[in-house]
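Here's the structure, in structure tokens; my notes come after.
The values are calculated or read from the model by the stated rules, or taken from the named source; none is laboratory data. Predicted, not measured: the structure shown is a model, and the values here were computed from it. No Cβ is skipped: glycine too gets one built from the backbone with ideal geometry, and neighbour counts run over all protein chains shown.
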Amino acid sequence: MQAIHPDIASSSARMAIYKQALANDGSHKFAEMCALQCPPGTKATDRAFMQGAHRQMEDMDPKNRSLILDIAKKAGISTQGKCHKAGLGRPEDPAAWVSSSDDVLRVAKARNLNVSGVVNHKAVDNLQEPKRVKLAEDIVQRMMKRTLERDPSLAAKVKQKPKKLCELREAIVAKHSRKK
């Protein structure tokens, strides 16, 4: 017994179609195809994607469609054989005009977008918040150097006791860092 597709198992209507197809001497694949109403070779193909995209552009309000096309034309974008996908960008963005599902995937990867449907891409959450420091290291070093140049007695103390350098660093950070 082969595993039943989760979309079939979650719907009683699809399950009834699946069982009916099996009862009429259909194979598992045929019954699955009937229940999902998805004939072979039509899901996740460029042809199916572009047919849907062109249909979406044709079904759009004529004023909106001509406005979008005018914006693209003014931006110097050739819209011949392409469709605008608003989820990828504004009409003046060349990357938002696609001619295949590969174009959508390429833009989604480049812009780290979540895309689902015929094309699936999950955005990578590698944008970690930068480590917060009270005062940048180059600023601390510059201020320490200036302070030691201006106060020779402090420079002499630092030479005798290196621990004084840590105290100087803490004093500079406390004085010049952002207050909460």
Run down 133, 124 and say which single residue is under 30 Å from residue 49 (Cα atoms) and either in contact (Cβ under 8 Å) with a residue 24 or more places away in the chain or not hydroxyl-bearing (Ser, Thr, Tyr) (or both). 124
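Here are some residues: 153, 116, 78. Which one is among the hydroxyl-bearing types (Ser, Thr, Tyr), under 30 Å from residue 50 (Cβ atoms), without any contact (Cβ under 8 Å) to a residue 24 or more places away in the chain and not assigned by TED's automatic domain parsing to the domain that holds residue 54?
Criteria check complete, one pass: 116.
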Could you tell me which residue of segment 1-58 is surrounded by the fewest Cβ atoms within 10 Å (Cβ to Cβ), considering only residues that are within 36 Å of the chain's Cα centre (by Cα) and among the hydroxyl-bearing types (Ser, Thr, Tyr)? 12
When you go through (1) within 30 Å of residue 173 (Cβ to Cβ); (2) of a type in the set (Val, Ile, Thr); (3) modelled with pLDDT under 90 one by one for residue 119, which number turns out not to apply? (1)
Can you name the number of the only condition in (1) within 31 Å of the chain's Cα centre (by Cα); (2) outside any helix (DSSP H, G or I) that residue 67 fails? (2)
Single residue of segment 88-137 satisfying the filter (basic (Lys, Arg) and within 30 Å of residue 73 (Cβ to Cβ)) that is farthest from the chain's Cα centre (by Cα): 90
Right, residue 13: out of contact with any His (no Cβ under 6 Å at 6 or more places or on another chain), in a helix (DSSP H, G or I), farther than 23 Å from residue 104 by Cβ and hydrophobic (A, V, I, L, M, F, W, C) or not? yes
